[in-house]
1. Using modelled backbone amide H atoms (1.01 Å from N, in-plane), which distant-in-sequence or interchain residues come within less than 5 Å of LEU24's amide H?
2. Could you name the lysines in cross-link range of LYS79, using Cα to Cα under 22 Å and dropping any fewer than eight places away on the same chain?
3. With +1 on each Lys and Arg Cβ and -1 on each Asp and Glu Cβ, and nothing else charged, work out how big the dipole of region 1-42 is about its Cα centre, in Debye to the nearest 20.
4. I'd like to know which of TYR27, VAL80, CYS17 lies farthest towards the positive end of the charge dipole of the chain, counting +1 on Cβ of Lys and Arg and -1 on Cβ of Asp and Glu.
5. Given 0.36 nm per residue, what is the gain on full extension from LYS83 to CYS20 after removing their alpha carbon distance, in nm?
6. Would you please name the trypsin sites (Lys or Arg not before Pro) within region 1-60 that are DSSP coil residues with at most 12 other C-beta atoms within 10 Å of their C-beta?
7. What list of ³J(HN,Hα) values in whole Hz, one per residue of region 44-49 in order, does the Karplus curve 6.51 cos²θ - 1.76 cosθ + 1.60 (θ = phi - 60°) give from phi, with Gly and Pro shown as x?
8. Please list, in chain and number order, the residues 5+ apart from VAL67 or on another chain whose amide H is under 5 Å from its amide H, with Hs placed from the backbone.
Amino acid sequence: MAKPNKKGPSKTVDLYCAKCKQKLYHYRKGGTGALVKCFKERITKDFTEEAGICPGCGGQFARDTLVRGTPAFKIIGGKVVVK
């Protein structure tokens, strides 16, 4: 399978915790679909202290995984709001 584009898309979105509304990531998202995974190389600003854990409420919103051989976070459904 093909790896994701290194440069990535120019459209950026902000990810917030659905529970406490804490800002988590500033991310370069490609496509129009729902956010299922976040490739680590596309995260432009990281507001978390621990990977996949919200700094505000301490809830887990993502799991560390490999997608197509590239490190990524797999988002847990309903835990993140994209704006």
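Any read-out appearing in this document is the output of simple, stated calculations on the displayed coordinates, not a laboratory observation. Model, not experiment: these values are computed from the prediction. Using ideal geometry, Cβ is built from the backbone for each residue, glycine included, and neighbour counts are taken over all protein chains shown.
1. LEU15, TYR16, CYS17
2. By straight Cα distance, LYS79 reaches LYS11, LYS19, LYS21, LYS23, LYS29, LYS37, LYS40, LYS45.
3. My answer is approximately 80 debye.
4. Positive-most Cα among the choices belongs to TYR27.
5. 21.2 nm
6. Those satisfying the criteria are LYS6, LYS7, LYS11, LYS21.
7. For region 44-49, the Karplus curve yields 8, 9, 10, 9, 9, 9 Hz.
8. ALA72
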